[in-house]
Amino acid sequence: MIADIVVGLQHGDEAKGKVTHHLCKDGDYTHVMRFNGGGNAGHTIYHNGQKFVTHYIPAGVFYGITSVIGSGCVLNVKDFFNELEELRKAGIDTSLVKIANNCHLIRNDHLEEDNKDEKIGTTKKGNGPAYRNKYNRTGMLAKDALELEPFLIDLYEELHSSDDVIILCEGAQGFQLDIDWGDYPYVTSSHCIAASALLNGIPPQAVRHVWGVGKVYDTYVGQKDFEPDDPIFSQIRDVGEEYGATTGRSRQCNWLDLDALNRSLKINGATHMVLNKVDVLQKVNRWSLKHLGKLKDFQSQNEMLQYIVSNTPFKDNVSNVMFSGNKHNLSLV
Ligand code: IMP
Ligand code: MG
């Protein structure tokens, strides 16, 4: 088996969907698998000029690749069927969508409970309560839902019956929302780091590439204060269209935190890095980031991007870094 993993390096919303979609097109993947999270994720994908927002179904579906919702995910059955139907209506072949039989379900009582959250600022999709029941051993599995039967697979049989599996593991959320590595309790209830993909039946030695995806600035949605008091961040929000794909909430904005980025790159074991939305800083014409706890300003895009590369583990491996500035494609800047 060969496994590549796509993970978010910040607080989610780094355009992982775009990167996964791009990799699906060019790679020889037999499978694409979502490995964590549930309907809290919103992956915005432009396929043949049409915009899609997926919450569950991995980007492989756009290219006729077996697309698996893994055992690390939690699934709302109704939302899953709605998403499937939307894709079908748009002419996407969904016959290769599969669900791990040991994936857990989000129940109505989970939704009701999550809807009352005021402390974390959750997406209210029932994630926390569903994972709580999973770990409390009082959850419901996908194989307990009759209507899911045609989609169910056993991950062991699916991934280990042949030697030809090349799988792309699609993460949701990001490092700073990881239940252990994020700023607890302002985190999600699953693991969002590369190691989390392995829990879905991927042996460690299968891992080839880890694509860390970030933005050249940072955003966060939730209850804690994140955005400094400076009108530049409203500009970044507007130009960058920083509004949630799942909830429509405004994302708080801040400069890139290079210290946090390095922690994330190292713990994820990122072999490649894509930093998106360079065009947004071009438009607001400000080049700043935080490093070693201080704000640093730069005169030009080049100066800042070079500074980023030389202060990450990629300083001797520049060819594995991509800066992208087009929301539809993975175009270089
Ligand atoms: P939950 O995952 O819905 O429980 O939300 C917990 C925290 O993670 C909240 O701050 C959410 O806004 C944030 N969050 C969850 N999923 C995403 C995502 O896909 N993108 C960005 N933020 C997310
Ligand atoms: Mg998102």
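The values are calculated or read from the model by the stated rules, or taken from the named source; none is laboratory data. For clarity, every value in this text was computed on a predicted model and none was experimentally measured. FYI the Cβ positions are ideal-geometry reconstructions off the backbone, even for glycines, and counts take in every protein chain you see. For the accessible areas, the whole protein counts, side chains as well, though only heavy atoms, and no ligand, DNA or RNA atoms are used. Shrake-Rupley method; radii C 1.70, N 1.55, O 1.52, S 1.80 Å.
Using 7 Å Cα-to-Cβ label points, what is the S234/Q50 separation (nm, one decimal)?
Distance between label points: 3.8 nm.
Filter K119/K277; K16/K51; K16/K327 down to the pairs with a C-alpha to C-alpha distance above 21 Å, please.
Going by Cα-Cα distance, K119/K277 fall outside the 21 Å limit.
Classify the range 23-85: rounded, prolate or oblate, from the alpha-carbon gyration tensor (a ≥ b ≥ c, eigenvalue square roots; a/c under 1.5 rounded; otherwise prolate if a/b is larger than b/c)?
oblate
May I ask you to derive the FRET efficiency for L146 and S95 from their Cβ-Cβ distance with R0 = 25 Å, giving the value to the nearest 0.05? Write down the numbers at each step before the final one.
On the way: r = 20 Å, r/R0 = 0.79.
Approximately 0.80, to the nearest 0.05.
Could you work out the Kirkwood radius for the chain, taking every pair of different alpha carbons, averaging 1/r and inverting it, reported in Å? Don't jump to the answer; show the numbers that get you there.
On the way: mean 1/r = 0.0500 Å⁻¹.
Here the Kirkwood hydrodynamic radius works out to 20.0 Å.
Over the range 7-64, with the other protein chains present, what is the accessible area per residue in square angstrom, probe 1.4 angstrom? Can you show the working numbers first?
On the way: 1580 Å² over 58 residues.
That works out to 27 Å² per residue.
Would you grab the residues whose amide H sits under 5 Å from the one on S190? Only those 5+ places off in sequence or on another chain, please, with H modelled 1.01 Å from N.
It is I179, by chain and number.
What trypsin sites (Lys or Arg not before Pro) does the range 217-285 have in DSSP loop regions with at most 14 other beta carbons within 10 Å?
On the way: sites: K224, R237, R249, R251, R263, K266, K277, K283; in loops: K224, R249, R251, K277.
Sites meeting the loop and neighbour criteria: K224, R249.
Could you bin all the Cα-Cα distances of the range 1-157 into 10 Å bins starting at 0 and give me the percent of pairs in each, rounded to whole numbers?
Using 10 Å bins, I get a P(r) of 10, 41, 36, 12, 1 for the range 1-157.
Considering amide H positions built from the backbone, and no H for Pro or chain starts, which residues 5 or more places from Q223, or on another chain, come under 5 Å of its amide H?
Amide H neighbours of Q223, under 5 Å, 5+ apart: G121.
Would you please name the trypsin sites (Lys or Arg not before Pro) within the range 39-96 that are DSSP coil residues with at most 12 other C-beta atoms within 10 Å of their C-beta?
Sites meeting the loop and neighbour criteria: none at all.
Based on alpha-carbon centroids, what's the gap between the range 1-56 and the range 159-194 in Å, whole number please?
If you average the Cα positions of each part, the centres end up 12 Å apart.
Excluding N302 itself, calculate the net charge of residues whose Cβ lies under 15 Å from the Cβ of N302, where each Lys or Arg counts +1 and each Asp or Glu counts -1. Don't skip to the answer; put the middle values down first.
Working: positive: R286, K296; negative: D279, D297, E303.
Local charge sum for N302: -1.
If Lys and Arg each add +1 and Asp and Glu each add -1, what is the summed charge of the other residues whose beta carbon sits under 15 Å from the beta carbon of K119?
After counting each charged neighbour, the total is -2.
Carbon and sulfur: what percent of the chain's accessible surface (1.4 Å probe)?
Details: 6750 of 14470 Å².
Here it works out to 47 percent.
Per 0.36 nm of contour for each residue apart, how much would the distance between D109 and K283 grow if the chain were fully extended, relative to their Cα-Cα spacing?
Additional length available on full extension: 58.2 nm.
What is the gain in length, in nm to one decimal, between S300 and Q205 on full extension, counting 0.36 nm per residue of separation less the C-alpha to C-alpha distance?
30.1 nm
How far is it, in nm, from the label point at Y156 to the one at E241 when both lie 7 Å from their Cα along the line to the Cβ?
According to this spin-label approximation, the distance is 4.5 nm.
What area, in nm² and to one decimal, does the C-alpha convex hull of the range 193-333 cast on average over all directions?
Hull-based average projected area comes out at 9.7 nm².
From the phi of every residue in the range 157-163, what ³J(HN,Hα) in whole Hz does the Karplus formula 6.51 cos²θ - 1.76 cosθ + 1.60 yield, where θ is phi - 60° and glycine or proline is x?
5, 5, 9, 10, 8, 9, 8
For S310 and D164, calculate 0.36 nm times their separation in residues minus their Cα-Cα distance, and state this gained length in nm to one decimal.
48.8 nm
Once you list every other residue whose beta carbon is under 15 Å from the beta carbon of L84, what net charge do they have if Lys and Arg are +1 and Asp and Glu are -1?
Surrounding charge for L84 is -2.
How big is the range 1-53 by the Kirkwood estimate over distinct Cα pairs, in Å?
12.3
Please say if the range 108-203 is rounded, prolate or oblate, where rounded means a/c under 1.5 for a ≥ b ≥ c the square roots of the C-alpha gyration tensor eigenvalues, and otherwise the choice is prolate for a/b larger than b/c and oblate otherwise?
Verdict is oblate for the range 108-203.
Rounded to whole Hz and in sequence order, give me ³J(HN,Hα) for the range 39-51 from the Karplus expression 6.51 cos²θ - 1.76 cosθ + 1.60, θ = phi - 60°, writing x for Gly and Pro.
Here the 3J(HN,Hα) series is x, 5, 7, x, 9, 8, 10, 9, 10, 6, x, 9, 8 Hz.
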